[in-house]
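Trainee: Can you keep this structure in mind? I'll have questions shortly.
Every read-out reported here was derived from the displayed coordinates using simple, explicitly stated rules and does not represent laboratory data. Because the structure is predicted, anything quoted here is derived from the model rather than measured.
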C-alpha cells in the first residue's frame, strides 16, 4: 500500500477503490492499520468479506494512529456488517500495542468468526501461514 508509514485513510481508502478496485467480489485481508482501513472501506463499499488481523477501533492514545484519520468519525457497525457477507477477526491477548478489549469490541459489533490467541503478539512474521490456513478453509467451504 502507498503511504505505508502513516497509513492515512485519505490515501488508503481511495487506493482500495480506484487502484485495487475492491468490490463485492473482493476479500480484503488487513493487518493492523490495514484491518482498520478494511472496516472503514466496508462502511461505504460492498466487499465479499474481510479478514481483520490485529485490529483496533480507537487510536489507542497514539498520535501516530490519530493522524491516520480513521478515528475521527463514529463507526458505522451495521453498514460494515451489511456491506459484506462475512468477517473473520484474529486477535491475541499478548499483543504489545492493542489491548484485547479492542478486537473483542469489534467482534461484538460485527459478529463473524473470531479467533483469539494468547501467544501471537501483533501477528508479525511466522503467524501468516497459520492465518492463511484459517482463511483458505473459509473460502473452500
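Trainee: Considering the convex hull of the alpha carbon atoms of the chain, report its projected area averaged over all viewing directions, in nm², one decimal.
Mentor: 7.9 nm²
Trainee: Taking 0.36 nm per intervening residue step and subtracting the Cα-Cα distance, what contour gain separates residue 66 from residue 94 on full extension?
Mentor: 7.8 nm
Trainee: Springs between alpha-carbon pairs under 10 angstrom, Gaussian network model over the chain: which of 50, 92, 33 fluctuates most?
Mentor: 92
Trainee: Per 0.36 nm of contour for each residue apart, how much would the distance between residue 85 and residue 5 grow if the chain were fully extended, relative to their Cα-Cα spacing?
Mentor: Separation in residues times 0.36 nm, less the Cα-Cα distance, equals 25.8 nm.
Trainee: What whole-number distance in Å separates the alpha-carbon centres of segment 11-51 and segment 59-103?
Mentor: Segment 11-51 and segment 59-103 have Cα centres separated by 13 Å.
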